[in-house]
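Below: the structure, in structure tokens.
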Amino acid sequence: LSRAPGSPIVLDNALSGQSAKVSLLSPRLIGFRLGASFTPALEKDLLDPVRFSERAGGPSDPGYENMLELAGSFSRRFSAGYRLSLSLTQTSAQAGSPNRRDLESTGWGMRIEWADWTIGVSSLEGKASDAAAGYSSNGAGITRQINAWTAGLSWAEMADRPINLKRQSVALGVSRPIADALDLSIGLTWDDVSGPVMHEALGLRVAMSAAF
């Protein structure tokens, strides 16, 4: 997804984070690539604390094991000059403690790059395997590269149905590299939360991020 700096809603299906795992990745063939990953046990503090309210104990006690992640992607630049990228992911995990339930999630995304523009959409659905409903999020964004700057506008929504929590966010921002592997981003965000916790806020976010 093409996302502006400061958007607070997570849309990626990457629950295993940096936990120790075994991964397999195929070579890209005619634009297609497949991948699989097995994580014996989740390490602490890797789950989004807002996501998947079915679990108890909070993010410091993930309590999931035998996580299997499958992914497929397509990326190709066409003769018209644009690049199309598609992705589909599926995750399943077993409860590793009595206060957990087995978990499953599905995500997809699409991105189009043309000249200085990038447009993307993505979606995520996750729930306990025996639950009728769980967490969902959807988002869309557009960015444009202007010399060293990247300007972006994004919208996202999420719903955690078991606890009747809903959230919407709009972010408008710019970012640029200021040194090797160091980026500066400035974003204006609007955030609206309704349900057991309610608030609406307009904020300015300034951040620096480093890649290692």
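The values are calculated or read from the model by the stated rules, or taken from the named source; none is laboratory data. Just so it is clear, the structure is predicted and the values come from calculations on it, not from any experiment. All Cβ positions, glycine included, derive from the backbone under ideal geometry; neighbour counts span all protein chains shown. Surface accessibility is based on the protein's heavy atoms, side chains included, excluding ligands, DNA and RNA. Shrake-Rupley method; radii C 1.70, N 1.55, O 1.52, S 1.80 Å.
Observations, loosely collected:
- Consider the range 49-72 and keep the residues that are modelled with pLDDT of 90 or more and open to solvent by 30 Å² or more (accessible area, probe 1.4 Å). The one that is nearest to ASP116 (Cα to Cα) is ALA71.
- Matching residues in the range 167-185 - criterion: being open to solvent by 70 Å² or more (accessible area, probe 1.4 Å) and among the aliphatic types (A, V, I, L, M): LEU172, ILE178
- The single residue among ASN147, ASN164 that is closer than 30 Å to MET67 by Cα, open to solvent by 70 Å² or more (accessible area, probe 1.4 Å) and free of Cβ contacts under 8 Å to residues at least 40 places away in the same chain turns out to be ASN164.
- Qualifying residues in the range 163-185 (those that are part of a loop (DSSP other than H, G, I, E, B) and not acidic (Asp, Glu)) - the one nearest to GLY139 (Cα to Cα): ASN164
- When ALA159, ALA201, ALA133 are checked against the criterion of being without any contact (Cβ under 8 Å) to a residue 60 or more places away in the chain and not in a strand (DSSP E or B), ALA133 stands alone in meeting it.
- Filter pass, GLY195 being in contact (Cβ under 8 Å) with a residue 24 or more places away in the chain and surrounded by 15 or more Cβ atoms within 10 Å (Cβ to Cβ): no
- Any chance SER75 is open to solvent by less than 70 Å² (accessible area, probe 1.4 Å) and either modelled with pLDDT of 85 or more or not in a strand (DSSP E or B) (or both): yes
- One residue alone among LEU84, LEU188 is in a strand (DSSP E or B), modelled with pLDDT of 95 or more and open to solvent by 30 Å² or more (accessible area, probe 1.4 Å), and that residue is LEU84.
- Pick from the range 126-144, criterion surrounded by fewer than 21 Cβ atoms within 10 Å (Cβ to Cβ) and at pLDDT 90 or above, ranking: nearest to ARG176 (Cα to Cα): ARG144
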